[in-house]
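**Q** Starting off with a structure, shown below.
The values are calculated or read from the model by the stated rules, or taken from the named source; none is laboratory data. Remember, it's a predicted structure, so these values are computed and weren't measured experimentally. We place every Cβ from the backbone using ideal geometry, glycine too, and count neighbours over all the protein chains shown. Accessible surface areas use protein heavy atoms only, side chains included; no ligands, DNA or RNA. Shrake-Rupley method; radii C 1.70, N 1.55, O 1.52, S 1.80 Å.
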Amino acid sequence: MGKLPINCEQTQEQLTEWLSNQLPDAEGAIMDAHLAQCPACQAEADSVRQLWQMMGQLPTPEPSPMARIRFQTMLDTYKETIADKPESALDNLLTKFREFFTPKLAVRLAYSVALVGVGILAGYWFNHATGPNVAYKQQIDTLSTQVQEMRQMMMLSLLENPAASERLRAVSYTEEINQVDSKVIDALLTTLNNDANVNVRLVTLEALAKLADNPTVREGLVQSITRQDSPLVQSALADVMVKLQEKRSIKPLRQLLHDDNTNHMVKGKIEQTIRDLS
Amino acid sequence: MLQVKAGRIDTMGLLFERYNRPLFGFLFHMTGQREASEDMVQTVFYRMLKYRHTFTGDGEFRSWMYHLARNVIVDHSKQNKRSSQHYDLADVAEKIGGGTTADEQFQKKQELETLHRAMARLSEENREVLVLSRFQELKYEEIARVLNTTEGAIKVRVHRAMNELKKIYLTIENGKTAYKL
C-alpha cells in the first residue's frame, strides 16, 4: 500500500460522502491519510466542510401548528369519501342516477309529463264531447220516429175524415211515410175497398201499387178486384195487375168478366189483361 | 404505509407525525416559500392516500414520499411560474441565531444569509441532491431511488453541486466585500 492510494481528484469527489459519514471506514481512513499529507486537498476539504457545516446551521422553519389540523381534516374528509364509495352496487347505481338526473333533465321530464297530461286531458274532453253528440243523435232519432208516428196517426185519422179532399191528402201522406206498417196498409186497403169517392179509391190504388213489394198489399189488391164496382177502378186495378204480373188475379178477373153488371168496355179491358197475364 | 394501503387509513396519522417536518423542510428548502410548502405538505399527504395502491412496499416509504413531493413541486412551479422564483429570505434571516457576542452573531447571520442566497441560486437538480443529502440526511443510495438513478450518478451530482454552491457563495461574498470596500 502506497502512501497516496488515491489521487486528489478522487479525494475531492469523495469529500461530501466523507462529510456526511457515508464513507466506509476503510475508505475514510485512506481519506484521512491523504488529507493529512496533501495540503491542497486539506484546504479544499476545509472549505467544503465549512460550507457543509454552515448548511447544517441553516435553520428550517417549523411547520405551523395549523398543518396538523389541516391534515386531520383532510384525512377525515377522505375517510368519509372512501367510506361512501364501496358500500354497495345499489349506492353506486343511485349516485349514477343522481349524476344522470340533473336539474335540466328534471325540467325536461316534467315538461314531457305535462305534455302527456295535456294530451290525456284533451282526449278525455273530446271523448266526452262526442257523448252529447250521440245523445243529440238519439234525440233526433226519437224525434223523427215520433214525427213519423204522428204522420201515421194523422194519416189514419184523416182517412176517416168525411171530406173527400182530406182523405185524398191522407193517402198522399203515405208517400212521405218511410216505413209503412201493417196498420197503414190495412187502413189503405179498407179505403180502397170501401171509400165512397172514386177519386179517393183511385189515388189509394196508386199508393198501394207503389207498396206492392209487400205480400199483404199484393194479396189485398187481388182480393179487392171483385169488390170494386166502379169501371174506372176496375180497369185501373187490371192495369196494376198487368204491371205486377200477378197471376193470382186471373181468377177474380174472370169472375168479373162473367158478371153481368160489369161494364162492357171494362170487360174488353179484362179480356186483354187475362191474355197478357196468361 | 402498507397498513394504510390495506385500508387502515388512520395509520396515516402516524406517518404524518413522523414525516411532516422533514417533508416540510425539503419542500421549504426546495422552493423557499413557507406557505406554499405547507400547502404542498398537505398535497403530498393527500396524494399518498389517493395513490396508496401505487405504493409497492419495495422501497422505503421515505423514498416514495420524496418521489411524490418532487412531483408536487413540479406541479406547483408550473402553476406559479411567475412567483416561483421568489425566495423567502426573511423567514430564514429571522431564525438565524448562534454566536455569543453581538458581533459574532451578526457575522454568522451574514454568512448564513449568503449561504441561503447561494442555495437559492443553485440549479434545481443540484439543490435537490444537496437538500436531500444534507438536510434530509438521506444516503446516496436512497437519493438514487428517489431520483430514479444510480448511486454513482448521485455521488457525482452531489460533488458538482457542492462545487457550484461554493462558487456561488464565494461570488456573493466577494461581491459584498467589493461593495464594502
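**Q** Once you have the Cα-Cα distance between residue A:157 and residue A:21, take 0.36 nm times their residue separation minus that, and quote the gain in nm to one decimal. Display every interim value, and only then the final one.
**A** Details: separation 136, 0.36 × 136 = 48.96 nm, distance 14.47 nm.
Gain in length upon complete extension: 34.5 nm.
**Q** Please turn the phi angles of region A:147-153 into ³J(HN,Hα) values with the Karplus equation 6.51 cos²θ - 1.76 cosθ + 1.60 (θ = phi - 60°), one per residue in order, whole Hz, x for glycine and proline.
**A** 4, 4, 4, 5, 4, 4, 4
**Q** Let me ask something else about it. Would you compute, for the Cα atoms of region A:181-277, the largest minus smallest coordinate along each principal axis and list the three values in descending order, in whole Å?
**A** 36, 27, 16
**Q** Running a GNM on chain A with Cα contacts under 10 Å, which residue among A:252, A:61, A:215 ends up with the highest mean-square fluctuation?
**A** The residue that fluctuates most here is A:61.
**Q** Let me ask another. What are the ³J(HN,Hα) values, in whole Hz, obtained from phi via the Karplus relation 6.51 cos²θ - 1.76 cosθ + 1.60 with θ = phi - 60°, for each residue of region B:13-27 in sequence order, with x given for Gly and Pro?
**A** Listing the rounded values in order: x, 4, 4, 4, 4, 6, 10, 5, 5, x, 5, 4, x, 4, 5 Hz.
**Q** Inside 10 Å of the C-beta atoms of A:48-58, what's the mean count of C-beta atoms belonging to other chains?
**A** Partner-chain Cβ atoms within 10 Å, mean over residues of A:48-58: 6.
**Q** Can you send over the carbon and sulfur percentage of the accessible area for chain A, probe radius 1.4 Å, protein chains only?
**A** Numbers: 10370 of 17950 Å².
After summing per-atom areas, the C and S share lands at 58 percent.
**Q** Tell me the label-point distance for the pair residue B:74, residue A:137, using the 7 Å Cα-to-Cβ offset, in nm and rounded to one decimal.
**A** According to this spin-label approximation, the distance is 8.4 nm.
**Q** Given A:33, A:43, A:257, which one lies farthest toward the positive end of the charge dipole of chain A, if we put +1 on the Cβ of every Lys and Arg and -1 on the Cβ of every Asp and Glu?
**A** It is A:257.
**Q** If you don't mind, there's one more thing I want to ask. Ignoring ligands, DNA and RNA, what accessible area per residue does chain A give at 1.4 Å, in Å²? Could the numbers behind the result be given before it?
**A** On the way: 17950 Å² over 278 residues.
Solvent-accessible surface per residue comes out at 65 Å².
**Q** If you don't mind, there's one more thing I want to ask. Quantify how strongly other chains surround peptide A:60-69 by giving the mean number of their Cβ atoms within 10 Å of each of its Cβ atoms.
**A** Working: counts 11, 11, 5, 11, 4, 0, 1, 11, 4, 0.
Other-chain Cβ atoms within 10 Å of each residue's Cβ, averaged: 6.
**Q** For the pairing of chain B with chain A, what total accessible surface becomes buried, with a 1.4 angstrom probe, in square angstrom to the nearest 100? Intermediate values should be presented prior to the final figure.
**A** Details: alone 11280 and 20010 Å², together 27340 Å².
Separately minus together, B and A give about 3900 Å² buried.
**Q** Need one value for B:25-37: mean number of C-beta atoms belonging to other chains within 10 Å of its residues' C-beta atoms.
**A** Values: counts 5, 1, 1, 3, 3, 0, 0, 0, 0, 4, 1, 0, 3.
Partner Cβ neighbours, averaged per residue: 2.
**Q** Using R₀ = 25 Å, calculate the FRET efficiency as 1/(1 + (r/R₀)^6) where r is the Cβ-Cβ separation of residue B:137 and residue A:36; round to 0.05. Don't skip to the answer; put the middle values down first.
**A** Working: r = 27 Å, r/R0 = 1.08.
Computed FRET efficiency for residue B:137 and residue A:36 comes out at 0.40.
**Q** Which of the trypsin sites (Lys or Arg not before Pro) found in region A:3-84 are in a DSSP loop and have at most 10 neighbouring Cβ atoms, other than their own, within 10 Å?
**A** Working: sites: A:3, A:49, A:68, A:70, A:79; in loops: A:3.
Of the trypsin sites (Lys or Arg not before Pro), the ones in loops of region A:3-84 whose Cβ has at most 10 other Cβ atoms within 10 Å are A:3.
**Q** Now a separate question. Using Stokes-Einstein with the Kirkwood hydrodynamic radius over Cα pairs, what translational diffusion coefficient do you get for region A:209-259 at 25 °C and a viscosity of 0.890 mPa s, in µm²/s rounded to a whole number? Could the numbers behind the result be given before it?
**A** Values: Rh = 10.9 Å.
Here the translational diffusion coefficient equals 225 µm²/s.
**Q** From the mean inverse distance of alpha carbon pairs (Kirkwood) and the Cα radius of gyration, derive Rg over Rh for region A:1-42.
**A** On the way: Rg = 9.3 Å, Rh = 10.1 Å.
Ratio of gyration radius to Kirkwood radius for region A:1-42: 0.92.
**Q** Continuing with this model, one more query. Provide the descending list of Cα extents for chain A along its principal axes, expressed in whole angstroms.
**A** Principal-axis extents of chain A (Cα, largest first): 188, 44, 29 Å.
**Q** Say the cut-off is 22 Å between C-alpha atoms; which of B:109/B:166; A:183/A:210; A:183/A:251; A:210/A:247 go over it?
**A** Values: B:109/B:166 18 Å; A:183/A:210 16 Å; A:183/A:251 28 Å; A:210/A:247 18 Å.
Correct reply: A:183/A:251.
**Q** Which whole-Hz couplings ³J(HN,Hα) result when phi for each residue of region A:217-222 is put into the Karplus expression 6.51 cos²θ - 1.76 cosθ + 1.60, θ = phi - 60°, listed in order with x for Gly and Pro?
**A** 5, 4, 4, x, 5, 4
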